[in-house]
Amino acid sequence: MSDARIALVHERFTEIAGSENVVEQFALQWPDAEVFAAITKPGCIPDGITGPVHATWLNHGYRMVGQRSYAPLAPLIPAAFRHMDLTGFDAVLVSHHAFATQAVFATHAPVIAYVHSPARWAWEPAMRAQEAGGLAGATALAVLGRIAKRGESAAAPRLRRVVANSTAVAERITQWWHRDSTVVHPPVDTEGFTPDPAIEREDFFLLAGRLVPYKRPDLAIAAATKAGVRLIVAGDGRSMKQCQELAGPNVSFLGRVPHDQLLDLHRRTRALLMPGVEDFGIVPVESMATGTPVIALGAGGALDTVIAESTGALVSPGSDEEIIDGFVSAIKAFDPSDYNATDIRTWAEGFSEANFRAKIQQVMDEVLG
């Protein structure tokens, strides 16, 4: 149905990160689709979304709190999705983190859920504790977690198709939602991250991305300090202070850097370090798109993206100390001559934006018949 009316539903446009880039690719694939979100913020809508974004009544509350944080409004987000006006559409494609599948209750059209992950902080007490930030935060997250779990469980049976962004996420969907899913890896800007054979590799390792608890930047910093190797950290976030306190003199913090500088770092580093359990993990694929090997924790999305002894090395999961020691061993054993930059680049190209659009179009075609 080339003339099908499609609605695209996203959790919120309050920053531009991996999930927003996914919705941008949806919009590029279906330029006539209408886009909906619970909350929007000026400057946080990707350029590829050229039409209006329909926000909910929560936007008024978001403006009242100065658009500083959507957290106080979070308990109301499920109701906002359930009361969206999604009538008259032939299909609804949902980008889900925690609450967006509630849109299934606002339409009679078939709903496809692209799941970045079920709400891990709701289903996994250990992750919730890691993100809580004190007793008050823990209490609030526990209450919100119950809302998220109840909502996801109620919505899951009503979804026509469930698409997972990695094998790890598919396993969570099976475990928590009792649904099968199709894996379609998210889009990576392989045109913006490219090799440059004229640039020589230098003697440092790279940690790139947001410095937040679940990404475990502290483990990479502790490992580099223990191994006595130079580490450059490109990124910012609420874990910055903790990371700086852990770091030895061999660790440099650049903060958030512009794309050109980040690209240059990926092209010059010996290898990227990825110490956290990612749902998928865009950064390591961006790095591999420049021909750079990745040393990653062998869990989560890295099991889909990093091929041991071909595009990088995988460190066995374990306790924090075991993971740190594993990264120390991998760093010390790392030999650039073991890797072929062209092969790494070729592998990364399989995660391109064009491939993503083709695969999500296939899912839509199957649903619309």
Checklist entry - Take the residues of the range 90-100 that are touching an Asp or Glu at 6+ places or on another chain (Cβ under 8 Å) and modelled with pLDDT of 95 or more: which is surrounded by the fewest Cβ atoms within 10 Å (Cβ to Cβ)? => result 95
Checklist outcome for this item: Of (1) modelled with pLDDT under 95; (2) on the phi < 0 side of the Ramachandran plot, residue 25 satisfies every one except (1)
Item to check | Flag for residue 296 being surrounded by 22 or more Cβ atoms within 10 Å (Cβ to Cβ), within 18 Å of residue 215 (Cβ to Cβ), small (Gly, Ala, Ser) and assigned by TED's automatic domain parsing to the domain that holds residue 344 | outcome: yes
Next on the checklist: Need the failing condition index for residue 270 against (1) free of Cβ contacts under 8 Å to residues at least 24 places away in the same chain; (2) surrounded by 14 or more Cβ atoms within 10 Å (Cβ to Cβ); (3) of a type in the set (Lys, Arg), just the number.
Outcome noted: (1)
Checklist entry - Looking at the range 6-89, what helices (runs of 4 or more DSSP H) fall wholly within it and have at least 2 residues that are among the acidic types (Asp, Glu), in the same structural domain as residue 100 (by TED's automatic domain parsing) and buried (at least 16 other Cβ atoms within 10 Å of the Cβ)? => result 18-29
Checklist entry - How many of the residues in the range 251-260 are crowded, with 16+ Cβ neighbours inside 10 Å and farther than 12 Å from residue 220 by Cβ? => result 2
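The values are calculated or read from the model by the stated rules, or taken from the named source; none is laboratory data. Predicted, not measured: the structure shown is a model, and the values here were computed from it. Glycine also receives a Cβ, built like all others from the backbone with ideal geometry; neighbour counts cover every protein chain displayed.
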